[in-house]
1. From the phi of every residue in region 108-118, what ³J(HN,Hα) in whole Hz does the Karplus formula 6.51 cos²θ - 1.76 cosθ + 1.60 yield, where θ is phi - 60° and glycine or proline is x?
2. Measure up K202/K318; K393/K414; K214/K322; K202/K338; K124/K202 against 20 Å on the Cα-Cα distance and list the ones that go over.
3. How big is the dipole moment of region 243-306 about its Cα centre under a simple scheme where the beta carbon of each Lys and Arg is +1, that of each Asp and Glu is -1, and everything else is neutral? Debye, nearest 20, please.
4. Say each of Q260 and K121 gets a label point 7 Å from the Cα, pointing the same way as Cα to Cβ; how far apart are those two points in nm?
5. Using the 10 angstrom Cβ neighbour count as an exposure proxy, how do L404, L273, L383 rank, fewest first?
6. Can you put H154, H125 in order of Cβ neighbours within 10 angstrom, beginning with the fewest?
7. Report the extension gain between N240 and H154 in nm, rounded to one decimal, defined as 0.36 nm multiplied by the number of residues separating them, less their alpha carbon distance.
8. Can you figure out the FRET efficiency of Q319 with R108, using R₀ = 22 Å and their beta-carbon distance, to the nearest 0.05?
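Bear in mind these aren't lab numbers, they're just calculated from the coordinates by the rules spelled out. Computed from a predicted model, the values in this text were never measured in an experiment. No Cβ is skipped: glycine too gets one built from the backbone with ideal geometry, and neighbour counts run over all protein chains shown.
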Amino acid sequence: MTNPNGSLDPRSLLPGQDDDWVMYPLDEFAVTTVTEVITGLVGSAGIDLDLKPADLMSNLNARTDPNADPMVAKEAAADKPSPFRLKPGVFFHAPRLLFKVLRHDPARWQREERSFRNRIKLFKHRTAQAGSLSDKELARLAEDIVDLFRTCLHDGAMYYGLGLVWMYWRTARLLRKRSNAGGELTENVAAYFLQLLLTDQKNPLSPLFEQFRKLSADTQEVDLQAFVVSIPDSAFMTANTSRDIEKAIFKKLRALPKGQQIETQVDALLADLPVAPEAVDWPFSPRPQLPFRLLVALLSSEPIEGLDELLTDEDAAKQVAKKLPFRKRPPWRWNVAKTRGLMAGAVGTVFLLLEIIPVLQRALSEVAQRLLRRRQVEVAEDLMLLRFDDILKALVDQADRQDLVLENHHAHIKKLTARRRARQLEAKETKTLREDNNETPVSLDGLTSEP
C-alpha cells in the first residue's frame, strides 16, 4: 500500500497488512481472551461500546485527514456519532463498579501493582524450572499465567473505561445547563484523556512518548520515507531477509547529517520499552520477525495531523474549567484528580500485561518441546495451529494431535487464500482510483515480506 501522496507507507510493515498474515488458532485464542474480558466488563456496567478497530480508525481518518482516501471518507462521514454510548440505566446496572470510582484510593493501584508483580516474579521463577515440572503442573502453570493476564486486563480496562465514564458523566452534570457546550466539551474531554495518556508525568508512557516525539522531529526533518524510497535496488542485492533490508537502510541512513543520531534514538527507545518487541510474539511462530528498528523509524516519520498542536496546547482540563462558573471549578478540579488516578492504573496495567506475555510464552515453549519429543506434533511451530485448550489437553492426555494440526492447517490455508483474493481485488480497485487521480504508487516489494 502507499500513501495518497506517493510516499512510503510505514503501516504496510505492521502485522495485518502483509498478504501472508492470517491469525493462527493460538493467535485467535489471545485475541478472543482480550475481547471477552473487555466486552464482559463493559457489558456488566450497562455500557454500549463499539470495539471494532476498523470502524474506529475509519471514523478517525475521516475526521482528521481532509486528504483521506475518498472511499474511506465516504464510508465514515465526519459527523458520524461517537462509538461510545451510555445506556439510560448504566448507573443503576453497575453500582459496584461505580463505587470503585467514587471510593477510589490513589494508593490502591500501587497495592495492586505490587501484588501483580509478586505473582509475575513467582511465575518467572516457576517457568525457569519448567523442565522439572510434571505435565499437570506445567498445564496448571500455563493456566495460572493466563488467569493473571485476564485479571490484570480486567483491572486495566476497568480503570480506563470507568475513568472515561466518570469523566463524561461528571462533566455533563457540571455543564448540563450549558447546552451549547456539548460538542466542544466532548472535544476537550477527548483531548484531556489523550494528554493524560501521553504527557502526564505520573504515568510510565510519558517518557517513552517524549522520546518518540524527538525521534519523529528528526526523521521528518530528513524526510526519511522519501530517503528510503530513493535508495537504489542495487543496495539490496545481497539482502535475503527483511533484517538484511533493515541493515542496508540504516547503513545508508548513517551517511545523512542526522543519520547516526536517528539510529541512536531508535535503539534507545527500543531499549527503554518494558519488554523487547521480539518477546511479544510466540517464540515458535512460523512467521518471519518484523524489522522493529526500521519499523519504529518509519512510523516516527509519519506525521500525525493535529497531534503536536494538541499536545502543546494549554491543558485541556483548564480549557474545560474556563467554561464553568467559579463555583463549579473546585468540583471539576477534584474530578480531574480522580481521573488522573484512574488513568495511572490503566497505563500501568498495560506495562504489566506486556511483562506477563513472555512468561506465558516461555511456559508454552516447554510444552512445545514435550509434545515434539512425544511426536504428538511434527514441529514446534505446530503449536500455533492448536488452540490453548487443545494444547493443555495434549500435554495431559499425551494423545496424538497431528490430525487436528492438519485439519487446522487446511482451514488456515483457506483463510489465507480468501484474504489474498480479497487483497488482490482491493489492490485493483485502489490502483484504478489512483490512476483516476493521476497518482503513482510506490512499490514496497521486499520490505513487507520475506523473499
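1. Whole-Hz 3J(HN,Hα) from phi for region 108-118: 4, 5, 4, 5, 5, 4, 4, 4, 4, 5, 5.
2. Violating the 20 Å limit, Cα to Cα: K393/K414; K214/K322; K124/K202.
3. Computed charge dipole of region 243-306: roughly 340 debye.
4. 4.1
5. Least crowded to most crowded, the residues run L273, L404, L383.
6. By the 10 Å Cβ count, ascending: H125, H154.
7. Using 0.36 nm per residue and subtracting the Cα-Cα distance, I get 26.7 nm.
8. Efficiency computed from Cβ-Cβ geometry: 0.15.
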